Amino acid sequence: MKTSRSLGLLALLALLAAPAVGEESAGARLNAIFVADWEHYAAEVPELATFRGDNRFNDRLTDASAEAVASRKAYRAGLAAKLKSIDRAQLSGQDRISYDVFTRDLASAMRFDAVYGNLPFSFRDSWSPVTQFVDHYFAAWQEASTQLARRERELAELRRNIAGKVVAIRGQTTRGSR
């Protein structure tokens, strides 16, 4: 009798803990958000999709227009609202970790969005890496230009110094005017 009452109580608890028929579990809803965000980001930043091996978007580049950037910022705000609808306590251990990492990264991106305000770029836009490359190549170009100008001055000085003097060229002696 005691065993059947324990089994009955256990079955009742299992029914109460399980989602209702047709209702998704918190973990399933969270994973659906992850899949949708992965797809959205692949379409929004096709270069990264290609880098990850997803070639569906190879025919385009990231839209860097002010409207597209504003759309990405609004998307993140909507994504944060969806995440808040999930009760973290109902998630399994791995889903809880994934939820925490995802919400931390999203919160960080939204803090950058707040700093940038209405400027036409945001957290995940590729301004910084491009700028770094441009700065590197510009600095290299400046250094090469400086060295070329120095070499041209040295060559001109050398030509002035040897003008009209005897110079040995490949073992032969050439006389200039004295």
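Derivation of every value follows stated rules applied to the coordinates shown; laboratory data play no part. Predicted, not measured: the structure shown is a model, and the values here were computed from it. All Cβ positions, glycine included, derive from the backbone under ideal geometry; neighbour counts span all protein chains shown.
Give the residue from Asn31, Val45, Ile86 lying farthest towards the positive end of the charge dipole for the range 24-125; charges sit on Cβ (+1 for Lys and Arg, -1 for Asp and Glu) and the dipole is referred to the Cα centre.
So the residue we want is Ile86.
Which of the aspartates and glutamates could be linked to Lys82 by a straight reach, that is with a Cα gap under 13 Å, when you skip same-chain ones fewer than 8 residues away?
Correct list for Lys82: Asp37.
Please compute, over every Cα-Cα pair in the range 24-125, the percentage with a separation greater than 16 angstrom.
In whole percent, the share of Cα-Cα pairs in the range 24-125 beyond 16 Å is 61.
By average Cβ neighbour count within 10 Å, what is the ranking of 67-74, 91-98, 114-121 from highest down?
67-74, 91-98, 114-121
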